[in-house]
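To start, the structure under review is shown below, and the notes come after it.
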Amino acid sequence: MTATIVRFRNDLRIDDHPALTAALQRNQPVIPAFVWSPDEAGDWASGAAARWWLDRSLRSLAADLQRRGSRLIIRSGDVHKEIAKLVEETTADALHWSRGYEPALLESDQQLETSLTKRGVEAVSYSGRLLFEPDAVRTKQGNPYRVFTPFWKACLNLDPPREPHSAPRKIPAPQDWPASASIDSLGLAPQRDWADQFSQRWQPGEQGANQKLKRFLKQAVADYETGRDRPDDYGTSRMSPHLHFGEISPHKIWYALQTQGSDGSQAYLRELGWREFAYHVLVNFPETPDQPLRSQFENFPWQHNAKALRKWQRGQTGYPIVDAGMRELWATGWMHNRVRMIVASFLTKDLLIDWREGAGWFWDTLVDADLANNTMGWQWTAGSGADAAPYFRIFNPVRQGEKFDPAGDYVRQWVPELKSLPKKWIHNPWDAPADVLADAGVELGEDYPQPIVDHGEARKAALAAYEEIKAT
């Protein structure tokens with residue numbers, strides 16, 4: 001008996017899954033499969049934090065499938081060989097999957113479609129990760145967009161995104177199931193449990209994604225426009241890892257927000273638009289994970305300072321808001337978006353360290369590490385990417401802390417050495433009088449580091465470096 005294989009990848013859900021919906025419409029057994037093939041992603045295989053999330057998300061998906069009378073078949077190895085073997089073992093006549101947009105996945109998908117079609121197997125990919133296909137809009141000149149606002153305006157002038165599909169109650173099973181590896185055998189979870197706080201803060205999987213959306217709509221979306229920049233408050237959705245792993249579709253979020261009718265919901269839709277823009281840029285400029293979009297930045301005089309990079313990674317820069325963000329990242333696999341901009345500006349402009357060093361660290365430590373978003377965020381801050389911030393926009397970490405963490409609650413949470421400092425000095429402890437430091441139990445250089453760079457001097461050096469490449 002023939003069957004349809006549904007290959008899961010970064011679409012680990014059952015609800016609103018176009019490839020699964022299409023497979024069910026063929027009225028034959030469906031074989032859900034996941035192939036762990038890090039080589040398929042080229043240079044961008046999942047980092048350690050993302051692998052932790054993937055391990056738990058796969059377990060959630062497997063349980064959801066089991067409740068519907070199905071299974072998740074696990075394979076590991078070369079994706080093309082493993083899919084070919086699975087097709088042969090099951091006599092499947094079709095493979096359905098959600099389209100990939102990362103450069104290596106686009107190439108892999110094309111090869112997979114070609115090889116299966118030659119064998120007489122229906123090979124169809126579906127749009128399951130984005131609201132709009134990356135090539136759906138172009139400038140009047142027929143070029144890809146480099147600026148967000150006209151890009152998003154063009155998207156909103158298209159037909160609205162399709163409405164979400166309903167999740168099936170049952171999934172028809174084959175008479176005989178093919179062999180499957182265990183999720184444990186993939187080795188995704190860390191050998192040392194450095195991710196102990198991850199489990200306390202996150203619930204990977206479709207159920208966790210839906211609960212997170214429900215909480216956001218109930219508690220935070222109304223004030224999102226003003227609250228999203230405050231790391232000391234629960235003002236953001238924290239949906240990014242769920243979206244990256246496809247545990248919830250952007251279509252479901254889109255239509256849930258349409259029912260809100262608040263300024264906050266419109267502001268959040270715009271953030272979804274930035275995600276769409278990131279993929280538009282990645283697909284049309286596939287070199288950007290490794291190269292600056294603005295070519296003059298190829299000659300930027302980046303500094304190679306391993307010691308300073310290490311201090312930044314470990315949250316030991318002496319700037320409390322920067323250190324709080326980097327420690328939050330290490331402990332939880334996540335960082336507030338405003339703080340991501342602050343720490344990225346500090347690395348690229350205060351320390352003059354190449355944005356690719358920061359992007360690589362984020363890639364390995366973020367549970368929501370996403371090639372399109374990560375690349376756009378770093379190139380935006382560095383001034384080298386699409387719709388980038390002007391290079392001379394250099395965040396002052398003290399002013400940013402005072403503005404977005406005014407009471408110092410965020411810093412106190414992640415930099416407990418400073419928890420007893422009054423808020424007047426929490427973001428600039430080096431300016432505090434000796435008696436204030438003593439009362440707070442802080443000895444700079446011992447309990448907490450002195451600033452590794454003077455921001456005022458660093459700003460001058462960054463602007464001089466920018467003038468240098470402008471002249472070339």
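Laid out as a table, the results:
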| quantity | calculated |
| --- | --- |
| Residue in region 427-436 that is outside any helix (DSSP H, G or I), modelled with pLDDT of 95 or more, closer than 20 Å to residue 346 by Cα and more than 30 Å from the chain's Cα centre (by Cα) present | yes |
| Among (1) part of a helix (DSSP H, G or I); (2) among the charged types (D, E, K, R); (3) modelled with pLDDT under 95, the one test that residue 399 misses | (3) |
| Residue selected from region 133-161 under the condition among the polar types (S, T, N, Q) and in contact with a helix residue (DSSP H, G or I) (Cβ under 9 Å, 6 or more places away or on another chain), by the criterion nearest to residue 285 (Cα to Cα) | 143 |
| Pick from region 340-370, criterion among the β-branched types (Val, Ile, Thr) and farther than 24 Å from residue 297 by Cβ, ranking: surrounded by the most Cβ atoms within 10 Å (Cβ to Cβ) | 367 |
| Pair list, Cβ < 7 Å and 6+ apart or interchain, from region 447-472 residues that are within 30 Å of residue 418 (Cβ to Cβ) to residues that are crowded, with 17+ Cβ neighbours inside 10 Å and of a type in the set (A, V, I, L, M, F, W, C) | 448/418; 448/442; 452/308; 453/351; 459/394; 461/352; 462/352; 462/394 |
| Positions within region 19-43 being touching a helix residue (DSSP H, G or I) at 6+ places or on another chain (Cβ under 6 Å), surrounded by fewer than 19 Cβ atoms within 10 Å (Cβ to Cβ) and not aliphatic (A, V, I, L, M), in sequence order | 42 |
| Filter result for residue 97 (in contact with an Asp or Glu (Cβ under 7 Å, 6 or more places away or on another chain) and among the aromatic types (Phe, Trp, Tyr)) | no |
| Members of region 182-198 that are under 19 Å from residue 334 (Cβ atoms) and either touching a residue at least 12 places away in the same chain (Cβ under 8 Å) or among the β-branched types (Val, Ile, Thr) (or both) | 188, 189, 190, 195, 197, 198 |
| Filtered residues of region 87-108 (kept if acidic (Asp, Glu) and in contact with a helix residue (DSSP H, G or I) (Cβ under 8 Å, 6 or more places away or on another chain)) | 102 |
| Matching option when the condition is closer than 30 Å to residue 277 by Cα, at pLDDT 95 or above and either touching a Gly at 6+ places or on another chain (Cβ under 8 Å) or not in a loop (DSSP other than H, G, I, E, B) (or both), among 105, 158 | 105 |
| Candidate set from region 343-373 (those that are of a type in the set (A, V, I, L, M) and not in a loop (DSSP other than H, G, I, E, B)); member that is nearest to residue 458 (Cα to Cα) | 347 |
| Qualifying residue in region 130-140 (condition: assigned to a helix (DSSP H, G or I), touching a residue at least 40 places away in the same chain (Cβ under 8 Å) and touching a His at 6+ places or on another chain (Cβ under 8 Å)) | no |
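The values are calculated or read from the model by the stated rules, or taken from the named source; none is laboratory data. Since the structure is predicted, the reported quantities are computational estimates derived from the model, not experimental observations. Here the Cβ is made from the backbone with ideal geometry for all residues, glycine too, and neighbour counts use every protein chain on show.
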